[in-house]
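Trainee: Shown below is the structure under consideration.
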Amino acid sequence: YNAWCRDNKFNSMLPKAAKVAKEKQKQTLLDGHLKEIPKSETAKPYSDSAFREAAIEWLIATDQPIQAFEHPKFRNMIDIASRATNSVAIPSCKMTREEIVDMFARRMDNLKAHLKVRKCV
């Protein structure tokens, strides 16, 4: 096996050969591979014009109707986000999907309870 490994330039995985190979290895230096990480951009301060530009870009990129800005649910979302003290955590797709299913189940339970009360009256 060892002769075959040598002839075929194959690293033997036998415990003794692996130990010898490990002892021969030296850790290489990272100096040539290190790169300075650029400082991340700081958050731009709020301005009405920057918000308006971002909102319009979102409207176009997602193919929303212009009336989307006037929708009460959109305005409610922006109003809630505006009260954030640090930043707004945008939910992931998985979290959003789970929340939609949970909201649906809660609303179905409320509807069942409402219909049950109405039926008894």
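None of the figures in this text is laboratory data; all of them are computed from the coordinates on show. No experiment lies behind these values; they were computed from the predicted model shown. Don't worry about glycine lacking a Cβ; one is built from the backbone with ideal geometry, like all the others, and counts go over all protein chains shown.
Trainee: Peptides 101-109, 50-58: what's the order by average Cβ count within 10 Å, highest mean first?
Mentor: 50-58, 101-109
Trainee: How much FRET efficiency would the formula 1/(1 + (r/R0)^6) give for Asp102 and Ala54, where r is the Cβ-Cβ distance and R0 is 30 Å, rounded to 0.05?
Mentor: 0.55
Trainee: Calculate one ³J(HN,Hα) per residue across region 97-104 by plugging θ = phi - 60° into the Karplus curve 6.51 cos²θ - 1.76 cosθ + 1.60, and present them in order as whole Hz with x for glycine and proline.
Mentor: Karplus-based 3J(HN,Hα) across region 97-104 equals 4, 4, 5, 4, 5, 5, 4, 4 Hz.
Trainee: Which value in nm describes the separation of the simple spin-label points at Thr85 and Cys5, placed 7 Å from the Cα toward the beta carbon?
Mentor: Result for the modelled spin labels: 6.2 nm.
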